[in-house]
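Take a look at the structure set out below.
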Amino acid sequence: MVVLYGSKYFQDVIYSVIGDNLQNFFQYMMMLSVFILSFVLIIMYRVCTSVWKYRYFKHSELLEWVWTVIPMITLFVLWFPSTMNLYDMNHGGEPKWSFKAIGHQWYWSYEFLSEDKKQLSIDSYMDVSAVEKGGYRLLDVDQRMVVPALTQIRLLVSSVDVLHSFAMPALMLKVDAIPGRMNQLPFTVSRTGVFYGQCSEICGVNHSFMPIVLEFIRKEEFDQWLVKVCDQQWS
């Protein structure tokens with residue numbers, strides 16, 4: 001979770017529900033940490049400057065209860081929201097649509113099902129001519145993966161060769177792609193748009209040349225795109 005929270009920097013807004021929850025949790029945790037630090041510093045100052053410190057604190061059962069109970073309560077108020085966020089990251093409700101991202105040296109492929117359960121797939125390579133088309137250097141791809149916005153999505157991630165990592169900072173998504181293993185992450189994106197990411201696991205000489213691009217569109221437009229891809233691959 002710390003790694004995911006660190007990915008929010010240099011982002012104007014976080015557009016995923018998971019990202020919002022993590023951001024709120026870490027702000028809550030930082031506020032609690034500042035309060036605890038301030039409280040401890042005040043007590044230390046009072047003890048060190050008081051002429052009666054040995055009389056009241058050398059043997060105090062009340063003090064022993066306080067420094068035992070208060071940390072327990074503090075850990076609980078940190079544990080509960082953290083556990084809820086971890087649960088949402090692993091389960092997150094019933095997905096409305098799923099797709100699989102598979103890491104290769106050095107590109108990504110995506111697999112998904114059509115409305116009539118036909119297997120579809122696209123290969124996504126870095127577009128070397130993206131700048132000439134008005135895109136971003138080293139970030140754009142020849143085929144974008146299209147995903148419905150405002151929909152509960154289940155992302156499945158794996159690899160066919162070496163370790164990769166599917167990372168998209170603007171959505172606070174980061175899932176390791178491990179050969180022979182399928183990792184999953186449910187998420188929901190709160191707006192339409194194009195989001196960029198990259199492999200964040202050193203996977204070979206062309207590690208920096210396997211970008212990730214997800215285009216989130218309205219559900220009606222996504223259904224039309226799905227029919228178009230199905231016609232192209234099954235006609």
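What follows is calculated from the coordinates using simple rules that are stated; it is not laboratory data. These numbers come from a predicted model, not from an experiment. Cβ sites come from the backbone with ideal geometry, for glycine too, and all protein chains shown count toward neighbours.
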task: Using only the alpha-carbon atoms of the stretch 192-232, report the extent along each of the three principal axes, biggest first, to the nearest angstrom.
output: 39, 24, 11
message: Using the crude model of +1 on Lys and Arg Cβ and -1 on Asp and Glu Cβ, and no other charge, please compute the dipole size for the chain relative to its Cα centre, in debye to 20.
response: 1000 debye
task: Would you mind checking which residues have amide H under 5 Å from T151's amide H? H placed 1.01 Å from N; only 5 or more apart, or other chain.
output: V189
query: Roughly how many nanometres apart are two label points built 7 Å out from the Cα toward the Cβ at K228 and V128?
result: 2.7 nm
statement: trypsin sites (Lys or Arg not before Pro) in the stretch 79-132 lying in a DSSP loop, each with at most 13 other Cβ atoms within 10 Å of its Cβ, come to K96, K117, K118
task: Can you tell me the 0 to 90 degree angle between the C-alpha axis of helix 17-49 and the longest principal axis of the chain, rounded to 10?
output: 20 degrees
- prompt: (1) 19.0, 63; (2) 16.8, 52; (3) 24.2, 89: which one is Rg and Dmax of the Cα atoms in Å as calculated from this entry?
  reply: (3)
query: Which value in deg cm²/dmol, rounded to the nearest 500, describes the helix-derived mean residue ellipticity at 222 nm for the chain, given -39,500 (n - 2.57) per DSSP H run of n ≥ 4 and division by the residue count?
result: -13000 deg cm²/dmol
- request: Would you mind calculating the gained length between S121 and D20 on full extension (0.36 nm times residue separation, minus the Cα-Cα distance), in nm to one decimal?
  value: 33.3 nm
statement: Looks like the stretch 19-157, by Cα gyration tensor root eigenvalues a ≥ b ≥ c and the a/c under 1.5 rounded cutoff (else prolate when a/b is bigger than b/c, oblate otherwise), is prolate
- line: For Y15, Y28, ascending order of other Cβ atoms within 10 Å (fewest first) is Y28, Y15
field: Loop sites in the stretch 174-215: trypsin sites (Lys or Arg not before Pro), DSSP, at most 13 other Cβ within 10 Å
entry: R181, R191
- request: For M72 paired with L41, estimate the spin-label separation in nm (one decimal), with each label point 7 Å from Cα along the Cα-to-Cβ line.
  value: 2.9 nm
- request: Would you please name the chymotrypsin sites (Phe, Trp or Tyr not before Pro) within the stretch 77-139 that are DSSP coil residues with at most 16 other C-beta atoms within 10 Å of their C-beta?
  value: Y125, Y136
task: Just the number, please: percent antiparallel of the DSSP beta bridges in the chain, rounded to the nearest 5.
output: 70 percent
- prompt: For L163 and E111, FRET efficiency with R0 = 22 Å and r from the beta-carbon atoms, rounded to 0.05?
  reply: 0.70
Fraction of antiparallel bridges per DSSP, the stretch 97-234 only, in percent to nearest 5: 70 percent
